[in-house]
Amino acid sequence: EAVSVADMQIAGFEAARAERSNFTLGVLPQPASVAVASWMARAPVHLKLEGGSVTEKRVVGGVNALARRLFTLRANPFVFVAPEGAVALRLAASATLAAEAYQIDFNGSDIVLTYGTELGLRHGLVTLAQAMMAAREDSGQFAFPFAGRIEDAPRHGWRGSHLDVSRQVYPLADVLRFVDLLAWHKLNRFHWHLTDDEGWRLEIKRLPQLTATGAHTGLDRPILPQLGHGPFGHGIFYTQEEARAVVAHGRAVGVEVMPEVDLPGHCAAAIASLPELVDPDEPESYWSIQGYGNNALNPALDATWTFTRTVLEELLAVFPFEVIHVGGDEVAPEAWLQSPKAQELMARERINGTDGLQAHYLKRVHAFLSAQGRITGGWEEVAHGGGVSPERSLLFAWTLREKTAELAALGYDVVSSPGQTYYLDMVQAGDWNEPGASWAGITPVETSYGYEAQGDDPHLALRLKGIQACIWSEHITSRERFNHQVFPRLSAIAEAAWTPEAMKDFARFSTVAPLMPKA
Ligand code: TNX
């Protein structure tokens, strides 16, 4: 591939070199440490890779492909062949750097990227590519280091985003692009919320009714008027082959995929698909917070366990990531209490109420997943009544720090995702015309950016594994609305997940966030 000699001549960079300290590195999340002695006002168009192992070349190729998918680029950021005078990039593995850590030394026409593992190498390349692209046009604001050093490593190991594909369904290509967007933000976990009352979105080969019926149920279910239920993607589900493609795509860009099937609550679509999941003697007797009647799998039915095991077995075969999320949220407080079979089970096993029944069910799910060598993920309610114990589990806390700290004090590993700060379906302003949810309040981008999930709690210091955004989809009925809800708040959460507190700076963030690609 021919590259322009003019673009590549170091003489040009020397001419453009500007000894200014108030340039911004157009990188998001902001690296842990940036020490730049002098800048190029205009970045090189490409960096020329010198040498490189097969693995390194594969990672470089992956970052080139990622950048090209996300942007319309004239050329790859990293090239293997370039005319004389191109800025050289040398790669060096280091046994002393942590897995995700990297360091970049800028020495004029020579750049050295040192990294811990493939993960760190990819992070470093994304940093370079972002910095080059930001400083491509001479905006006077962004520049590319000429001499200096970046040292970087993530603050949190779990840096995620969830996406609800039940309330709205996104075509496979959009899901793949979403994974790319996560990778570009150095987010490394995709929490794929595959099932809910409004629709079951993953093929289960031994239960074809689940999608034949359950991918089409959402529109004719009773639903509270304030919840959106747009037909965006109605009727769509993902085949297992497509789900595997998402997993493979994630692997290629450094994003692990954690699937969620929401059990035992939020199961209206599943129950509508499979008549054996209904206790025929149970009257319609409870409603979920979102207005669905009798929408929880009944722990007293044999069919419930057969269903659960079938679904989990197929899930395990598709998703290699160790954490499997089983939901566990928002079972109605009166659930099952009028089911004769549930009453029988409660009497026989001395189980107390709905919480006890839910714990009884989740204990079995947890035991099953543990025996398969997996870790059980669940919303924080899975801890209620001792359902899922702290061993081999990971809780997703949707409440604020104080409550999350209580879970940590009980010994649970936690990921923090408070409705008030990280739920991206919440409105961002107090404007009555703004579409979105508001049960957790109003969440401007500053709130997402500034929230500190860990604080100075000693239990959280030990147990907080990271943070994540949640993109609930009830209100997200178009691509425009998706972008409005998700950006720049997802970018804010990405920086909160990566960048040390002392380096967070909302003013700087606000200049860089507009550079991030959207859906
Ligand atoms: C709560 S908190 C839910 C979802 C809704 C969301 C809307 C939690 C785990 N569940 O079912 O979509 O609020 O904001």
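The values are calculated or read from the model by the stated rules, or taken from the named source; none is laboratory data. Quick caveat, the model's predicted, so the values are computed rather than measured. Using ideal geometry, Cβ is built from the backbone for each residue, glycine included, and neighbour counts are taken over all protein chains shown. When the accessible area is computed, the model is the full protein with side chains, heavy atoms only, and any ligands, DNA or RNA have been set aside. Shrake-Rupley method; radii C 1.70, N 1.55, O 1.52, S 1.80 Å.
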Solvent-accessible area per residue for region 10-135 at a 1.4 Å probe radius, Å²? 38
Treating the Cα atoms of region 5-152 as identical point scatterers in vacuum, please give the log10 of the normalised Debye intensity I(q)/I(0) at q = 0.18, 0.21 Å⁻¹, two decimals. -1.04, -1.45
Return the long-range amide H neighbours of Ile375 (sequence gap of 5 or more, or a different chain), with a cut-off of under 5 Å between placed amide H atoms. Val323, Ile324
Between Thr117 and Arg68, how high is the FRET efficiency from 1/(1 + (r/R0)^6) when r is the Cβ-Cβ distance and R₀ = 22 Å? Nearest 0.05. 0.35
Using a Förster radius of 22 Å, what is the FRET efficiency between Ala99 and Ala502 based on their Cβ-Cβ separation? Nearest 0.05, please. 0.45
Karplus ³J(HN,Hα) for region 180-197 (6.51 cos²θ - 1.76 cosθ + 1.60, θ = phi - 60°; Hz, whole; x = Gly/Pro) runs 4, 4, 4, 4, 5, 8, 6, 7, 10, 9, 10, 8, 9, 7, 8, 9, 6, 4
Assuming 0.36 nm per residue, please report the length gained on full extension of the stretch Arg251 to Glu322 beyond their Cα-Cα distance. 24.2 nm
So if each residue of separation counts as 0.36 nm, and I subtract the Cα-Cα distance between Asp281 and Arg149, what length gain in nm does that give? 40.5 nm
Roughly how many Å² is the accessible area per residue of region 306-452, as a whole number, for a 1.4 Å probe? 41
Amide H contacts of Ala32 (H built 1.01 Å from N, under 5 Å, at least 5 apart or other chain): Ala153
Which distance in nm do the two modelled labels at Glu84 and Glu344 give, with both placed 7 Å along the Cα-to-Cβ direction? 8.8
Under a plain spin-label model, where a point goes 7 Å from the Cα along Cα-to-Cβ, how far apart in nm are Leu462 and Ser21? 4.3
Mean ellipticity per residue at 222 nm, deg cm²/dmol - from DSSP H runs of n ≥ 4 across the chain, formula -39500 (n - 2.57): -10000 deg cm²/dmol
Spatially close lysines, pair count over the chain: Cα under 27 Å, gap of eight or more or interchain: 15
Would you pull out the residues with amide H under 5 Å of Tyr238's amide H, same chain only if 5 or more places away, H placed 1.01 Å from N? Leu202, Glu203
For the chain, list log₁₀ I(q)/I(0) at each q in 0.07 Å⁻¹, using the Debye formula over Cα point scatterers of equal strength and ignoring solvent, two decimals each. -0.41
Can you give me the distance in nm between label points at Trp432 and Ser510, each placed 7 Å from the Cα along the Cα-to-Cβ direction? 2.8
Below 8 Å between Cα atoms, with a sequence gap of 6+, how large is the relative contact order for the chain in percent? 14
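Rule-of-thumb check for region 398-519: C-alpha Rg over 2.2 N^0.38 Å?
1.08
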How much of the accessible area of region 347-389, in percent, comes from carbon and sulfur atoms when a 1.4 Å probe is used? 45
HN-Hα couplings for region 346-357 via Karplus (6.51, -1.76, 1.60; θ = phi - 60°), in whole Hz with x for Gly/Pro, come out as 5, 5, 5, 9, 6, 9, 9, x, 5, 4, x, 5
Helix 118-134 versus the longest principal axis of the chain: what angle, 0 to 90°, nearest 10, using Cα atoms? 60
Using only Cα atoms and rounding to the nearest 10 degrees, what angle (0 to 90) does helix 489-498 make with the longest principal axis of the chain? 80
Relative contact order of region 226-352: what whole-number percent is it, with Cα pairs under 8 angstrom and at least 6 residues apart? 33
Measuring from centroid to centroid over Cα atoms, what is the spacing of region 451-519 and region 47-98 in Å? 28
Measuring from the longest principal axis of the C-alpha atoms of the chain, the long axis of helix 302-318 (C-alpha) lies at a number of degrees, nearest 10, equal to 10
If you roll a 1.4 angstrom probe over the protein chains with everything in place, what fraction of the accessible area of region 5-152 belongs to carbon and sulfur, to the nearest %? 52
